[in-house]
1. State yes or no: is Val105 within 21 Å of the chain's Cα centre (by Cα), within 12 Å of the ligand (Cβ to nearest atom) and without any contact (Cβ under 8 Å) to a residue 60 or more places away in the chain?
2. Taking Gly86 as the residue in question, decide whether it is within 13 Å of the ligand (Cβ to nearest atom) and on the phi > 0 side of the Ramachandran plot.
3. Which of the residues belonging to the stretch 3-43 are closer than 27 Å to Arg382 by Cβ and of a type in the set (Gly, Ala, Ser)?
4. For residues that are without any contact (Cβ under 8 Å) to a residue 40 or more places away in the chain, away from the ligand (no atom under 16 Å from the Cβ) and closer than 23 Å to Val175 by Cα, tally how many sit in the stretch 203-227.
5. Determine whether the stretch 267-278 contains at least one residue that is away from the ligand (no atom under 16 Å from the Cβ), of a type in the set (A, V, I, L, M, F, W, C) and at pLDDT below 95.
6. Which of the following residues is within 24 Å of Gly21 (Cα to Cα) and among the aromatic types (Phe, Trp, Tyr): Tyr98, Tyr182, Tyr112?
7. Please specify each residue of the stretch 114-126 satisfying the condition of being crowded, with 18+ Cβ neighbours inside 10 Å and outside any loop (DSSP other than H, G, I, E, B).
8. When the stretch 43-68 is examined, which residues are found to be surrounded by fewer than 19 Cβ atoms within 10 Å (Cβ to Cβ), modelled with pLDDT of 95 or more and not in a helix (DSSP H, G or I)?
Amino acid sequence: VSASVTTQHANASGVIDLARGDPHPEFLPLERVRAAAALVTAGADPAVLQYGYEPGDLGVREQLAALLGRYGGAAPSPDALFVTAGASMALDLACALYAEPGARVLVANPTYHLALAVLADRGLQVEAVASDADGIDPDALEAALQRGPAAFVYLVPAHGNPTGVSLPPERRDAVLALARRYGVRIVADEVYRLTAFGAGDADPSAARIVAGLADVAPDVALSLGSFSKLLSPGLRLGWLQGPPDDLARLARRGLLRSGGGLNPFTAALVRQLLADGGFDAHLAFVRARLRARHDTLLAAVRRQLGAARVRPATGGYFLWLDLERVDVTAPTFTAALEQAQVRVAQGAQFVPVGAELGAARSCLRLCFASAAEADLPVGIARLTDSVRRVDSVYSLP
Ligand SMILES: Cc1ncc(COP(=O)(O)O)c(C=O)c1O
């Protein structure tokens, strides 16, 4: 078998890609995975290659519960956890649990664009709810709930994609109170929650981790987690944390009855890394490297694009940049970016179909996790050149 594999994204050489949200190869722990795989396959028991238990092996869920307890919360009961093939599948399963085709689902505007694709595949009617610099606006959410029933509200409340913002606790509590009052579930996509790296000189791996919604409100919230941003997206391993009765219903679906638990071999491998401390050591590395990369990108933006509005992130993969009077959807601007060989994600991508483009027209999402760190300032220099081509007076403050 050839060692070369096909990955999801590829760029022409010379292009600096600040658009995609993949981890740079430096984040992918090949040695640790190799060692864990050797240990998992070293024993005489071939059960690791058998169909798995529907909600995921109890040992994996116990390790996962301990992990969630170590990082920012009380350890949930293993019954409140369900192993999935990543957060994307966890979202698809949440749709299967809570929403009949045609049902209405509320999402913040802007939101993770590929979640919109999952919701569309399930035949759901997506309605955008206004948000501001702190995330979804509870008044706008209440107005939407008053207009009619919704199956659930989808949020990315911790170091969100695309804005990097976390929902402040008062707002989170207001949203949860509305969910209870109107009888809707909150589906909280928390794939970046454990990447918290804080700010300033403080130790990144001691940064405060935002509380998970399923911890704060186990009666109404379902949290989606993933090892994609913590270990490797190729492992395709994630989880759901939510009401045990809902998860038991999930375990009885045909998908699980026919196929057993999702990704049991990968789960066994990650269980090994969770048990032997390899995961914790790697996560400390990830948080420190994300912080260094974030600081490098932010410094370059401030130095070169000082007139743009940007808010530092305290975790996750992204900075959300508002170029204010520059229309980043204009063909002249996108042509300038292409010529400069830099890729960025346009804010408009994260606006649900039919919703107001609003401020997103002048916003870009910049990923600091994917390109080589040394390329981040070069990418910003290319972006700055492109901006100046369409707005010659774009100036420092
Ligand atoms: C908010 C959000 N949810 C889900 C995913 C995908 O997660 P997974 O690889 O676990 O399916 C991503 C990846 O970019 C993401 O940003």
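The values are calculated or read from the model by the stated rules, or taken from the named source; none is laboratory data. On a predicted model such as this, the values are computed, not experimentally measured, just so you know. Neighbour counts are summed over all protein chains in view; Cβ atoms, including those assigned to glycine, are modelled from backbone coordinates with ideal geometry.
1. no
2. Details: within 13 Å of the ligand (Cβ to nearest atom): yes; on the phi > 0 side of the Ramachandran plot: yes.
Answer is yes for this residue.
3. Step one: of the stretch 3-43, the residues closer than 27 Å to Arg382 by Cβ are 7-28.
Ala10, Ala12, Ser13, Gly14, Ala19, Gly21 - these are the residues of the stretch 3-43 that are closer than 27 Å to Arg382 by Cβ and of a type in the set (Gly, Ala, Ser).
4. Counting residues in the stretch 203-227 that are without any contact (Cβ under 8 Å) to a residue 40 or more places away in the chain, away from the ligand (no atom under 16 Å from the Cβ) and closer than 23 Å to Val175 by Cα gives 1.
5. So far as the stretch 267-278 goes, no, none of its residues is away from the ligand (no atom under 16 Å from the Cβ), of a type in the set (A, V, I, L, M, F, W, C) and at pLDDT below 95.
6. Residue meeting the stated conditions: Tyr112.
7. Correct list: Ala115, Leu116, Val118, Leu119, Val126.
8. Result: Gln50, Tyr51, Tyr53.
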